[in-house]
1. Quick test of your reading of the structure: GLY208 fulfils all but one of (1) closer than 28 Å to ALA266 by Cβ; (2) touching a residue at least 12 places away in the same chain (Cβ under 8 Å). Name the failing condition by number.
2. Inside the stretch 1-28, can you point out the residues that are surrounded by 15 or more Cβ atoms within 10 Å (Cβ to Cβ) and within 14 Å of GLU359 (Cβ to Cβ)?
3. Based on what the data block shows, is VAL446 in contact with a Phe, Trp or Tyr (Cβ under 9 Å, 6 or more places away or on another chain) and at pLDDT 80 or above?
4. One residue is enough: does the stretch 411-433 have a residue meeting the conditions surrounded by 13 or more Cβ atoms within 10 Å (Cβ to Cβ), in contact with a Phe, Trp or Tyr (Cβ under 9 Å, 6 or more places away or on another chain), at pLDDT 75 or above and closer than 25 Å to LEU339 by Cα?
5. For ILE205, indicate whether it is modelled with pLDDT of 85 or more, among the aliphatic types (A, V, I, L, M) and assigned to a helix (DSSP H, G or I).
6. Of all residues in the stretch 270-282 being modelled with pLDDT of 80 or more and not small (Gly, Ala, Ser), which is surrounded by the fewest Cβ atoms within 10 Å (Cβ to Cβ)?
7. Pairs only if they're at least six apart or on different chains, beta carbon under 6 angstrom, first in the stretch 351-376 and touching a residue at least 12 places away in the same chain (Cβ under 8 Å), second surrounded by fewer than 24 Cβ atoms within 10 Å (Cβ to Cβ) and among the acidic types (Asp, Glu); list them, first residue then second.
8. Of the residues that sit in the stretch 60-82 and are of a type in the set (A, V, I, L, M, F, W, C) and more than 23 Å from the chain's Cα centre (by Cα), which one is nearest to PRO133 (Cα to Cα)?
Amino acid sequence: MSVFGLALLALVGVTLIATGLPAYAALLFASVVGAATAVLGGYLPVSHFSGLPGRVVNLLENDLLQALPLYVLMGVLLNRMAVTTALFRTFTWLLPRRPAAPLVAGLGLGALLGPMSGSVGASALALSRAMEPRLAAASVAAPTRQATIALASTLGVVVPPSLVLILLGDAMLTAHTIASNAMHRTDRIINTQDVMRGALLPAGILLGLCLMVAWRVGNRAAHGIAKSAANDRPSAGELVLSALTLAFLLLVLGGVATGYFYAVEAAATGAFVLFCAGVVTGRIGRGTLSPMLTETMATTGALFAPLLAATTFTLLLRLLGTDKLIEGWVTSLPGGDVLPTVAVLGAIFVCAFVLDAFEIIFVAVPILMPPLLMRVPDAVWASSLLLLTLQASFLLPPIGYALMITRGLSSENAAAGSVARALAPFALAQIVVLGLVLAVPSLVHVLEPSNARSKTTSDKPTDENALENMLRGVPKPPLPKFD
């Protein structure tokens with residue numbers, strides 16, 4: 001029945017493509033079909049599914065999930081206070097008056113606000129509203145506009161401390177624990193802060209390369225800045241709002257990424273400060289509070305629904321033995337660390353055609369990453385490569401998730417080939433960074449504290465070793481004396 005689990009994975013993909021249903025609905029549909037088939041066929045007893053309620057309760061007891069609605073609320077508050085538009089106009093005004101200025105400003109805006117958006121789709125929606133009219137006013141061609149907005153909307157995947165990184169850190173902690181115990185290693189199990197530190201340098205390199213590419217491509221283009229866009233000076237209020245927002249976001253996000261603040265506390269503080277600022281400035285009142293809370297709860301529900309559905313689906317796959325089947329495939333691949341890593345990343349790349357980043361973390365990571373970490377002990381390296389792969393997969397024409405959303409929101413149609421050509425230089429930058437991290441794993445460990453780099457191995461399970469180390473400090477009782 002382990003092969004039947006692979007058929008259920010294919011069923012999820014077919015259902016998503018053929019029906020357009022949300023991912024949680026497709027996952028629940030495949031779970032019901034698979035469970036009914038297994039029970040009616042006599043392959044699994046009904047009692048095996050009694051552990052599902054406890055699995056869901058344990059999942060929701062995770063303190064880290066409290067950060068999700070708080071980050072979403074921060075994004076809603078920023079949109080309500082028109083911060084996105086003010087920041088974009090300020091960035092464009094501060095840059096030299098060159099054709100590439102709006103493109104560079106848009107990418108900077110995506111890197112700054114993307115980590116707080118509920119998903120890649122939410123980032124694409126917010127950035128399209130703020131950037132599309134002004135890029136059009138600057139005479140930026142439609143393919144370049146769509147490529148820039150799509151790229152900016154995916155930067156929140158790799159720039160810490162995004163929601164993707166927070167959830168991935170928790171998922172990788174579980175996967176690393178499973179792999180270490182299965183291989184009887186005493187590795188230092190990674191956590192969310194390790195994943196964030198590992199992603200900082202690759203994300204910085206990628207962002208720097210994308211900004212350089214945008215500056216060069218924009219200045220070499222045939223278009224120029226329209227007079228209205230060149231004289232689009234932000235107001236004094238927008239300048240003050242941009243300065244305060246920039247300082248605040250850098251303090252909160254930078255503190256979380258560097259480990260000075262916990263994600264939940266930082267998100268709560270940020271939401272409280274933004275709410276107070278909105279009340280003081282009159283942007284938030286009794287009439288706007290209810291729609292804001294409704295939007296926050298709807299977005300949060302859209303994040304939690306696939307999480308619960310994926311928990312159900314992965315339980316079924318484990319009962320069917322599909323995880324063991326995939327584990328055998330990955331662990332039997334020849335070669336060192338590179339080949340199995342590339343194989344798993346390729347599978348995740350394909351999953352990104354139909355799943356969002358959160359759904360991949362909930363569905364693919366629990367199945368694919370434990371067997372990979374059995375072969376590759378460097379979990380921080382694997383996490384950084386996974387993030388870069390996710391970010392690149394959302395841009396692949398013609399069905400890249402971010403690209404599809406951006407093109408659907410654009411005010412002007414552009415041929416897929418033209419958009420692909422506009423994306424090509426940025427895709428090359430992504431490939432360069434991905435290849436660099438793949439070839440030089442030490443890049444992800446540059447910012448690690450010295451005590452986190454020490455690794456030990458043993459032939460005994462982690463719990464057994466910990467018990468043995470504790471017993472070493474207990475004095476042995478004296479031997480009895482016999483007359």
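The values are calculated or read from the model by the stated rules, or taken from the named source; none is laboratory data. What you see is a predicted model, and the numbers here were worked out from it, not measured in a lab. All Cβ positions, even for glycine, are placed from backbone atoms using ideal geometry, and neighbour counts span all protein chains on display.
1. (2)
2. Correct list: LEU9, VAL12, GLY13, THR15, LEU16, PRO22, ALA23, TYR24, ALA25, ALA26, LEU27, LEU28.
3. Against the criterion (in contact with a Phe, Trp or Tyr (Cβ under 9 Å, 6 or more places away or on another chain) and at pLDDT 80 or above), VAL446 does not qualify.
4. no
5. yes
6. Top of the filtered list is VAL280.
7. ILE367/ASP323; PRO371/GLU327; VAL376/ASP337
8. ALA82
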